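Have a look at the structure below before the remarks.
The values are calculated or read from the model by the stated rules, or taken from the named source; none is laboratory data. Predicted, not measured: the structure shown is a model, and the values here were computed from it. Positions of Cβ are generated from backbone atoms using ideal geometry, with glycine treated the same way; all protein chains shown enter the neighbour counts. Heavy atoms of the whole protein, side chains included, go into the accessibility calculation; ligands, DNA and RNA do not. Shrake-Rupley method; radii C 1.70, N 1.55, O 1.52, S 1.80 Å.
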Amino acid sequence: MKDLFATQYEQSVQKLEAGDYAEAIPALCDLAEKGYDRAQYMLGVCYREGMGVEKSMERAMIYIFDAAVQGLAEAQYEMGEMHGEKGGLLMCQQEAFLWYRAAARNGHIEAQYKAGNCYYNGVGVARNHDVAVELYRIAAEAGYAPAQVAMGHCYDLGEGVIANLKEAFAWYLKAAKQCDDGAMFVVGSRYEQGKGVERDIEAAREWYSRAARDGYEDAINALHDLEGLLV
């Protein structure tokens, strides 16, 4: 039965992407009523975005919640996002953390990073840098650039790990190679300062330039200052 539902779901998504809402939405509703988690989640996304249906955050949350309680990682992550968007209320922060953690345990990389942020900052859960680093590392080793930057930051400050500037630089460099603007700027600054890596002004110029081409203001300013020193 699941294989049949999966096939019907894929057909519905194709129609949705083609803008054939008259066919797609009823098909998704039928699958959602039968308990198919991916259809529940997608229907929630439709209500959240107003795609083929009248926009309704209330209905979006109902459908996404139905998928989340079945263990669908994408839906659990989205529940975390929706609770996180409600602001600084403690109850919302705690709910956001619980959903991020659930999705993280199901292998959702962004949720691993977000749950790590919760532990790092003490938002919705007691502050624990050791656990934050564990989560950051999982996402970072999977190639998620923001988590790689977070690992660099933790090694810089010795939070959850023993401080190590070379290790910090290595993590920033991984993110920079994925064109993360902030990481490219940091790598440029480390080359300029010789912090965690041998000083190399030409390498600094290259990384500043790459971030500057993307409009990263700190890199633009740093490049301008560097060019002034070289005149």
Q | Subset of the stretch 149-164 that is of a type in the set (A, V, I, L, M, F, W, C) and surrounded by 16 or more Cβ atoms within 10 Å (Cβ to Cβ) - its residue that is farthest from Arg205 (Cα to Cα) | A | Val161
Q) Which residues, counting only those in the stretch 199-224, are assigned to a helix (DSSP H, G or I) and open to solvent by 30 Å² or more (accessible area, probe 1.4 Å)? A) Ile201, Glu202, Arg205, Glu206, Arg210, Arg213, Glu217, Asp218, Ile220, Asn221, Leu223, His224
(Q) Take Gln8 and tell me if it is open to solvent by 40 Å² or more (accessible area, probe 1.4 Å) and touching a residue at least 12 places away in the same chain (Cβ under 8 Å). (A) yes
Q) Do you know which of the residues in the stretch 117-131 that are touching an Asp or Glu at 6+ places or on another chain (Cβ under 8 Å) and not aromatic (Phe, Trp, Tyr) is nearest to Leu72 (Cα to Cα)? A) Gly124
Q.
Quick test of your reading of the structure: Asp20 fulfils all but one of (1) over 23 Å from Tyr77 (Cα atoms); (2) open to solvent by less than 40 Å² (accessible area, probe 1.4 Å). Name the failing condition by number.
A. (2)
Q | Out of Val187, Val123, sole residue that is modelled with pLDDT under 95 and on the phi < 0 side of the Ramachandran plot | A | Val123
**Q.** Selected residue [closer than 26 Å to Leu135 by Cβ, at pLDDT below 95 and of a type outside the set (Lys, Arg)] from Leu89, Leu72
**A.** Leu89
Q: Determine which member of the set Gly52, Gly84 is within 25 Å of Gly122 (Cα to Cα) and either modelled with pLDDT under 95 or touching a strand residue (DSSP E or B) at 6+ places or on another chain (Cβ under 9 Å) (or both).
A: Gly84
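So that you can scan it fast, the table gives a plain yes or no per residue for (1) over 25 Å from Ile138 (Cβ atoms); (2) at pLDDT below 95; (3) not in a helix (DSSP H, G or I):
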{"position": "Cys179", "(1), (2), (3)": "no, no, yes"}
{"position": "Tyr191", "(1), (2), (3)": "yes, no, no"}
{"position": "Val197", "(1), (2), (3)": "yes, no, yes"}
{"position": "Leu226", "(1), (2), (3)": "yes, yes, no"}
Q. Going through the stretch 23-36 one residue at a time, which ones are in contact (Cβ under 8 Å) with a residue 12 or more places away in the chain and either in contact with a Lys or Arg (Cβ under 9 Å, 6 or more places away or on another chain) or open to solvent by less than 40 Å² (accessible area, probe 1.4 Å) (or both)?
A. Ala24, Ile25, Ala27, Leu28, Cys29, Leu31, Ala32, Gly35, Tyr36
(Q) Given the criterion modelled with pLDDT under 95 and among the hydrophobic types (A, V, I, L, M, F, W, C), identify the matching residue among Met61, Met42. (A) Met61
Q: Restrict the check to the stretch 142-152 and report whether at least one residue is without any contact (Cβ under 8 Å) to a residue 40 or more places away in the chain, more than 22 Å from Tyr191 (Cα to Cα), in contact with a helix residue (DSSP H, G or I) (Cβ under 8 Å, 6 or more places away or on another chain) and assigned to a helix (DSSP H, G or I).
A: no
Q. What number of residues within the stretch 189-231 satisfy the criterion of being small (Gly, Ala, Ser) and either more than 22 Å from Cys179 (Cβ to Cβ) or touching a Pro at 6+ places or on another chain (Cβ under 6 Å) (or both)?
A. 2
